[in-house]
1. Taking N as the number of residues in the range A:116-237, what value does Rg over Cα atoms divided by 2.2 N^0.38 Å take?
2. Any idea what the relative contact order of chain C is, in percent, if you count C-alpha pairs under 8 Å spaced at least 6 apart?
3. Working only with C-alpha atoms, what are the Rg and Dmax values of the range B:112-199, expressed in angstrom?
4. How would you rank B:335, A:420, A:85, going from fewest to most other Cβ atoms within 10 Å of each one's own Cβ?
5. Can you give the three extents of the C-alpha atoms in the protein assembly as shown along their principal axes, from longest to shortest, in whole Å?
6. Over the range C:2-231, consider all pairs of different Cα atoms and compute the Kirkwood hydrodynamic radius from their mean reciprocal separation; express it in Å, one decimal.
7. Restricting everything to alpha-carbon atoms, can you work out Rg to Rh for the range B:144-265 with a Kirkwood hydrodynamic radius?
8. Looking only at other chains, what is the average number of their beta-carbon atoms within 10 angstrom of each beta-carbon in C:80-91?
């Protein structure tokens, strides 16, 4: 269907230029030089028992992290989807905050709870538990927002029909809700798995030298030791594992696109009824407080007080320290962060939107859609170092001389943010009853018009949830852009790193103050995005 | 007959199609407006300052060029100092930051065909051989080297120019040791004694520059045959390994601004002065101190990247880095010590820190040949 | 068998049900009739246990249902848009209730076949629900609610989304089904024709309140308020004044000798009560005619502009002409004026 290829061409071009080309360049540099292929590294890696252990550890900690996050995230998704409670909107936006903060800051916050002087009195630094806890902290939002948004749109009448026909609440969930929810759960699980599989900062900061993942090894080989051949082999190994997982996932997720009835989200939420629902809500709220509130609260606490007064660190932010050339005024950092994040989000929406349409298209050929879907997810599972270094050597000349251009940053962020958009839009698009589109076209709407009038309002809630993510990912300077130089446009995370790079209580306090500002900014921005509705889709 | 309409769910309504477009469109517009606004210091700098009368032919040549200086995250200089240089020479300076020293050197090696900038600042003595092997730099003997003691000029071919020095030393928390019967350790060997169990934090040499420096210090002290055994003893005595300096200092160290519980950390000789925060209440000592026998010398160099198109301007910049104005400015901004003998140290540095005359130091060639192997061996001791 | 007593339900700001009571004997069909938003679906949900009530009680077979969860009430419910489980085929849907109570696979298979036969869908077991037509989906939904042999069956606008001819046929089918299975049924609809055809007792609701609850013939012959009359399809509701037993409308005297207090009132004139009488002083202008075989439906414009519908026997009078009419006294019903006709 020609229209489908047209839609897919833009995402494919994006993917080819910004991912395939750089990555093949850097991998090629490692394995190929003027005198041919150097594949000895393959045997070196394969015969190295330490590396086998590394690969195995990478795999099982990712599986365990994903399982844990699902366990705690799904009940919370239910609370957000079906129950109405005070502060729900703010909490929904606030879940995203851990994504946004530099890993070193979040790790610091986690250690504040489970570290040496931690609140809970247990010391977990250097254990795998600290890694798992941090993984859950980061990825909780992925599960809750992805699954919760989709769940909120599921027609509650189906559950009621089951209940009236003799199913207890639990059985109604198992028999009716769960099968319909599965696509969204799988989508969330796949993203969490990819993130934890390629986890880097968390493993290093909280696990210490005893724990090594493929990603850490790739970083060490590439950025520290410049052993590009070994790095290339490891990157390919990681890529193969990720591809495997994605193929399995897409096989299962694309098998059935049952048209569902999607209901207005606001319609289906009600105040908790009965003891079971109330205690579930309380338990989840308590958990969220413990997981998110306590560590982040500690951050805020550390930004207050000090020898200069309660707000000293905040006030210090505003004053130029000895006229340093690399002083970043918080306003400038905020502006830059917002500009990059907005640009990246818009790009992700466009690319992701076009890709989703091409993937979820109706009609016989689903195969092409599956491949596109898998392809666009791959950047999430590829080593950030590989991509970043690939940018350095590939995008350095001619029309693709993006290396020094600031345009590269939002584009690189969009590479990571696009899968979120696709994961949110595709299940929702697939669930739309085709008769609705037919009704629209019979009423005179062209395909584009009918898409805007029928599809977009229905998917807009899930889309808003994903957009919030994309925005947060970019705000947090995710992944490959850590390796890109930004001479004139320092962003908030950069500024935070600068303060943390030097000793002194004032520097530390200002870093915490900037982190707090970053957190508030995120909540406000995500709240605004969450409110964005298409049409009178407040009823949706 | 009476008939109320059946409500069809999901009835599409045409009008709001326009309404929802408003928000994203306004936003996009706002973005464009903002993005076209003031970009950063570099544009401002070129419009400020009147050019001086150029007396030398060389200065005339470079007027109006823009050079890019690739440096690590810790580079810092006072705006007025840099402005003065730019005004005087007419050279526009763009700063490009890319991670820590190891990372920027590796990136420079990787992009050798098409370098990211004209000058690289921040390569330290442990990374020199890698730069030499890759023919990263163009040689240049700056006139400013006259005022620099010979001990810092590690390259006879002047491919790199020394700019500053810092020492990586063990820092300790004064209040911890003052309130307990245990003494501050005096040597590296002391650290393996039982009274210092679980008190030490080091950084992973594979990911951290001070971590690597400390590892090299132990190799210098215990030699090729003894250092691994030393580390095994350290590990048995409960040393904590952090990923990087920030985590080691702020999360695990107990002294000064650290929030941790361990009173010994691998940091810099220049860290204690920064912990003296309140100028109003003069104190005799900084809350943290330095153990001199653990200090390993770190010299930072700058070099002109091969492949630059602005070699003359790059040379002027290197001269600037060696100039008294910059060297005086360095301690306050980068917490390092100048190499220029004519430069003066700020008072806090002389009062609250030690200058180590005979620090530990391995020859760059040795480091270059063995560094990766040593790191690998170290990792095996601590890896699971 | 079903006893609903003074049930009120508050949804947010809005009082969805006010002091609603309903009584239903075993084997009877009760229709809940009213415009959308009148609360009839809410009442069903309260009986099913899906919605708690603020006051009042629901008793089934003498037992109070408060605290009994929906899946233990043994009430079958058919939803307005069928709510078929999209991930299961017809058999999977119909046998759902049987699975929940633990029937064996053979028992389930047998019962499913039996119920599908009953609704006229024999052999549909393996079909996918998304491929079915509207009428077929409705029958599957019905079959699903019937399969566990509930003691009470509730249907929420089951024919609402179907076309006219299908509806008419299904009404007859349902009537026969309810009778042959001796089901106790609560049937919600906004269509008075369905209600009158199917029910033993019709309860008319408006804005959360019960307005009238009577068997169909009683409802038809004596609607309690102009609202009910309008809802049943009557259009001849005319404002009149009563003086000394004489009922006078804007266009003339209708009848005299009625026992009604003086003052303004509203009267219902049944179409069949309008007769042609050339000698009558009441003159009407024929606006339109629709010949229907045994009778003709005539639209008349009276002298003061009031429109009346008349059903007259015999051939149609000429359009545009004027005729005399008279009103049979038995075909008039008066309502007190303090009950405002809605709309």
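1. Working: Rg = 20.8 Å, N = 122, 2.2 N^0.38 = 13.7 Å.
In units of the globular-protein estimate, the range A:116-237 measures up at 1.53.
2. Numbers: 702 pairs, mean separation 53.8, N = 343.
Computed over chain C, the figure is 16 percent.
3. 20.5, 59
4. Details: B:335 23, A:420 28, A:85 16.
Exposure proxy ranking, most exposed first: A:85, B:335, A:420.
5. 136, 71, 67
6. On the way: mean 1/r = 0.0552 Å⁻¹.
Evaluated on the range C:2-231, it is 18.1 Å.
7. Values: Rg = 16.8 Å, Rh = 16.0 Å.
Answer for the range B:144-265: 1.05.
8. Numbers: counts 4, 6, 2, 12, 2, 9, 12, 10, 4, 0, 0, 0.
Counting other chains' Cβ atoms within 10 Å and averaging over C:80-91 gives 5.
Read-outs throughout are calculated quantities, based only on the coordinates presented, and are distinct from any laboratory measurement. These numbers were taken from a predicted model, which means no experiment stands behind them. Cβ coordinates were reconstructed from backbone atoms using ideal geometry, including for glycine residues, and neighbour counts include every protein chain displayed.
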